[in-house]
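Visitor: One structure follows; several queries about it will come next.
The values are calculated or read from the model by the stated rules, or taken from the named source; none is laboratory data. Treat the numbers as computed from the prediction; the structure is a model and nothing was measured. We place every Cβ from the backbone using ideal geometry, glycine too, and count neighbours over all the protein chains shown. Accessible surface areas use protein heavy atoms only, side chains included; no ligands, DNA or RNA. Shrake-Rupley method; radii C 1.70, N 1.55, O 1.52, S 1.80 Å.
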Protein chains: 2
Amino acid sequence: MMHDFHYVNDELYCESVRVKDIAWRIGTPFYLYSHKTFVEHLEKLQRAFKSVKPLICFSMKANSNLAILRTLVKKGAGLDIVSGGELFRAKKVLCPPSRIVYAGVGKTDQEIEDAIRTGILLFNVESIPELSRIERIAGKLRKKVNVSLRVNPDVDPGTHEHIATGKAETKFGLDMDTVHLVFMRADQYPHLLICGIHVHIGSQIVRGEPFVKAFRKILLFLTHLEKEGHKVEFLNLGGGLGIIYSDERPQTADEFAKQILPLFKGKKYTFIFEPGRFIAGNSGVLVSRVLYIKETQAKNFAIIDGGMNDLIRPALYGSFHDIWPLKKKGLTRKSTYDVVGPICESGDFLAKNRALQELHPNDLVAFASAGAYGFSMSSNYNARPRAAEVLVRGSKFEVVRERETYLDLIRGERIPRWV
Amino acid sequence: MMHDFHYVNDELYCESVRVKDIAWRIGTPFYLYSHKTFVEHLEKLQRAFKSVKPLICFSMKANSNLAILRTLVKKGAGLDIVSGGELFRAKKVLCPPSRIVYAGVGKTDQEIEDAIRTGILLFNVESIPELSRIERIAGKLRKKVNVSLRVNPDVDPGTHEHIATGKAETKFGLDMDTVHLVFMRADQYPHLLICGIHVHIGSQIVRGEPFVKAFRKILLFLTHLEKEGHKVEFLNLGGGLGIIYSDERPQTADEFAKQILPLFKGKKYTFIFEPGRFIAGNSGVLVSRVLYIKETQAKNFAIIDGGMNDLIRPALYGSFHDIWPLKKKGLTRKSTYDVVGPICESGDFLAKNRALQELHPNDLVAFASAGAYGFSMSSNYNARPRAAEVLVRGSKFEVVRERETYLDLIRGERIPRWV
């Protein structure tokens, strides 16, 4: 079971809730999440890696809604954060600090200080200047801080260039020579315990090979470090597991574990994983309403009330999202549509040349696989209030983030008297 | 004078304010706008087209900050809106309804009703179903409503495909045969006064040719309509005037007017223009601070505290923004940098392979030409509070939108008891 969105009598359900009923209650567009799907994806990873008792830190940049985070934290997940704002969210959902890891190339002094005071498990460090900065701040606070060094293994993960992060020319991580040097000179950092290695090669990776290739490199490197007497306690293998958007055949959690675990047989590391999309991607959809069908000589357009401000992935990455009608009409013929939003630029499309059952104004559709990098990337472009977010559990649903209002759009703005 | 950002004693000023002083006061990143530059760009267009007394409707999707809108409205501008949220903003700045025009392919019933009740000047209509919908709602409200039909002239403007809107295969506008038919059957729409033609072929168009080509087509078409006895009162020539980001040599307002006005000599239309970028683009910059300099074997990275959530144009359109140091160091050598943000994806860059004066942590830089499609497209991705916006007039400056706080990030979110 990939997710808990399914049809009953040709109507789309999320778990036991008819999606149309939510649309009628709260209007469109909205993001809709399945509690069960979130939990099951987490548990799939927990089970697959059970033998090594991993710490699975959900990468909240994929979806940082508090209700989602709380759900995962209650099921034993930790959180992978990348900013002070994400640390704030982690604290709001009462994530134990010992399950928080902090990555990212641009940590500010204030963010580092907040994280140290919170007592997070460790920092994933991306550069030497960052290492020095954490040392300085830890010293000021008289704390000893765990640090994991992010190694850039120079592997091409075969994914969109915007989300490939493990090649030498990206901003992420340190080359192995530099990491080696840091371990040798660890006494230069008296307030840091350099105790981990982190590797993350990119996102939406559907084949096992790039992982195996990267991890073999890391393993050789670890062996070398350990021969020299350096101790590595945490091995953070990052995230990046691909999901099914269209016709991908990504590795399952089990297949992934079967490829990965033998590589590290006999090693006593605390393994950390940072899945985001794998847990959230297929756990959510974006529900939208058809406003107009516009037939031109060149194309048919289905103009909907969700736009690129709600879901920017198609415009930004050329991503594919499957489209599910909320009501299947058994025998109608199919038509080909560009499914576009109301925003005034041509980049505002959600699907191009898509064969769908014939659409009419007020028909409701769901964009699949929108649980990751959906709401978290949304904006107010074209002065559009951001969509509501709804969580379903069994037969219950609740708005977990209110739809924004026009007043929300102008919060914090003011007109000087001298204008 | 293209804008009012300039150096005095090697320090960057906006009008008479040293930009560094603002950075010290309010922190970084922030958007900074020059009141004078906004006004001068508006006045350039007003002067160039003075002979036809045009209505210049600022396209607020480029920059919808209330202080900016109020500035332009006070100087006689109208507003080009594309959503109910933008109508709300237009009303907030007391724009006379007779200067509001409403475009966009996805107007909802509620948005149409609000606009009719407000008494806006006219709707730019993009499809037949939309025409029927406005007719129905106008009928319900017992109002007679001005309508301008957007003609798609099928012209390639030679710009980025996401912002080219005048080709036959885009979602925008109606072909001429359809528009002709609507004029012939105008009595089918008793509550509409079909009294205008609208044409907008795209954005950031730097050459005059595509405009002239499109407008010649429109002129022939208008002549044809008028021969048949149809009356056209409003001729809306859209926006799209390109600006200088890098080495573009766009037409000036005067050059543009000299190309365009002769085409329409002797015509008595009320001319409408909808400039956005032309007025806002070079009137604003994004100010950011260098957090880290990271040197790798492949590249030098300047990691700054602004990211793709603040300014998405480079990631989304591959756009170029010039980079100005807040303090010029006369004699230092140049280095080549990728200037990147703190966001955890490789798409988070603001400039690639850019030769700049040597940068160090805490150096301040300004990204030029960020006044249009900058803040208006910004998001909270990676749980980053959105930047502050600051307006300068002469020697005064004021925050016209507060920097968001962590609390703003979670507004409207809640965790159900059953999670």
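Visitor: Is it the case, given these coordinates, that residue A:395 is under 24 Å from residue A:72 (Cα atoms), open to solvent by 20 Å² or more (accessible area, probe 1.4 Å) and more than 10 Å from chain B (Cβ to nearest Cβ)?
Guide: Taking the combined requirement at face value, the residue satisfies it.
Visitor: Given the criteria more than 22 Å from the chain's Cα centre (by Cα), closer than 27 Å to residue B:64 by Cβ, more than 7 Å from every other protein chain (Cβ to nearest Cβ) and of a type in the set (S, T, N, Q), does residue B:335 qualify?
Guide: So residue B:335 does not fit the description; no.
Visitor: Tell me which residues, restricted to region B:355-389, are of a type in the set (A, V, I, L, M), within 10 Å of chain A (Cβ to nearest Cβ) and touching an Asp or Glu at 6+ places or on another chain (Cβ under 8 Å).
Guide: Scanning region B:355-389 gives B:383, B:388.
Visitor: When you scan region B:181-204, how many residues do you find that are modelled with pLDDT under 95 and in contact with a helix residue (DSSP H, G or I) (Cβ under 7 Å, 6 or more places away or on another chain)?
Guide: 5
Visitor: Select, from A:66, A:94, A:122, the only residue that is under 19 Å from the mean Cα position of the chain (by Cα) and aliphatic (A, V, I, L, M).
Guide: The unique qualifying residue is A:66.
Visitor: Looking at region B:166-223 only, could you name the residues that are within 14 Å of chain A (Cβ to nearest Cβ) and among the small types (Gly, Ala, Ser)?
Guide: Across region B:166-223, the qualifying residues are B:166, B:168, B:173, B:202, B:203.
Visitor: If you don't mind, another one. Could you list, in sequence order, all residues of region B:208-236 that are crowded, with 16+ Cβ neighbours inside 10 Å and in a loop (DSSP other than H, G, I, E, B)?
Guide: B:208, B:230, B:232
Visitor: From the set of residues in region A:328-355 that are in a loop (DSSP other than H, G, I, E, B) and open to solvent by 60 Å² or more (accessible area, probe 1.4 Å), which is modelled with the highest pLDDT?
Guide: It comes out as A:328.
Visitor: Counting just the residues of region A:398-411 that are open to solvent by 30 Å² or more (accessible area, probe 1.4 Å) and at the interface with chain B (Cβ under 7 Å from one of its Cβ atoms), which one comes out farthest from the chain's Cα centre (by Cα)?
Guide: Here the residue is A:406.
Visitor: Right, next: So, in region B:212-236, exactly how many residues are of a type outside the set (D, E, K, R) and touching a helix residue (DSSP H, G or I) at 6+ places or on another chain (Cβ under 7 Å)?
Guide: 7
Visitor: Restricting to region A:40-66, give me the number of residues that are open to solvent by 10 Å² or more (accessible area, probe 1.4 Å) and either outside any helix (DSSP H, G or I) or farther than 25 Å from residue A:374 by Cα (or both).
Guide: Total satisfying the criteria: 10.
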